Ligand code: PAF
């Protein structure tokens, strides 16, 4: 099949989307920062099931990186990304430059409260403002009917849902299960930074989280269980643990045992920061 239409300008994006809308076609969007892997392709597959046209944006968004973070070394491989999008059957790739998204004089920031408080924000205070601002722009530019986000970035998914609710953005947000390798390691563009020894350690991340989630579900003390998980990660070889936290699954409020929960964590392996999360099943009702 021929590759996706590639557009770099908002005007060209709108022209193509307008044609599709006039033809009555439903549009699904997958926002990405490129360096695509199987996790992204799983989002594309869901998008293609939901709509007749699938638009993928590839934009390494500078406003969601702090000056100390990896913006410069973030993997960029557009030609490879476009090959993958062609194989997956994507219809349009939106690949704007920074000046197209943030022209000189750009001065607006969207700040979402609620689910963005704590967790990632404690360590990356400007991150969700950057994400919310760029996602709102992408939704206003492409006006998709729905958009697919991975549960791997679980707090981001909750923040995007809140953004759409609060600003009446008419985009259905679809959460997609995390894609993992055969050892359970969540797919991430940042896994490319890991050497072979680090990869072995990284694979213990999900094992510790799943074990801890099972303990929590069966009544373990919350503070003790999350502290033990952080210690287990350090013993496994992680350099530093930013957080391990149990939260209520929908709004990320503190978790109570009778609610569906999510165990979320961020930890450092050398200079690479990894995040992951797993479900905490609700306790069975007392008989
Ligand atoms: O998850 C990502 O890759 C990014 O945060 C997103 C949603 C594409 C916004 O830049």
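Tabulated data
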read-out	value
Order of 27, 46 under a 10 Å beta carbon neighbour criterion, fewest first	46, 27
Within segment 241-284, backbone nitrogen closer than 20 Å to the virtual label 7 Å beyond the Cα of residue 197 toward Cβ	241, 267-274
By average C-beta atoms within 10 angstrom, highest first, the peptides 206-212, 66-72	206-212, 66-72
For q = 0.15 Å⁻¹, Debye-computed log10 I/I(0) when each Cα of the chain counts as one equal scatterer	-1.20
At 1.306 mPa s and 10 °C, Stokes D of segment 204-287 from Kirkwood alpha-carbon radius, µm² per second	124 µm²/s
With 10 Å bins from 0: P(r) over segment 1-76, alpha-carbon pairs, percent	16, 42, 31, 10, 1
Neighbour-count order for 164, 54, fewest beta carbons within 10 angstrom listed first	164, 54
The chain: calculated mean residue ellipticity at 222 nm from DSSP helix runs of at least 4, using -39500 (n - 2.57)	-11500 deg cm²/dmol
Ratio Rg/Rh [Cα only; Rh per Kirkwood] for segment 1-142	0.97
Sequence-separation-based contact order of the chain, relative, with Cα cut under 8 Å and 6+ spacing, percent	17 percent
Shape metrics for segment 126-264, restricted to C-alpha atoms - Rg then Dmax, Å	16.9, 47
For q = 0.14, 0.23 Å⁻¹, Debye-computed log10 I/I(0) when each Cα of segment 167-243 counts as one equal scatterer	-0.59, -1.09
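Rule-based calculations on the coordinates, nothing more; no lab input. Computed from a predicted structure; not experimentally measured. Every residue, glycine as well, gets a Cβ built from its backbone with ideal geometry; the counts of neighbours run over all protein chains shown.
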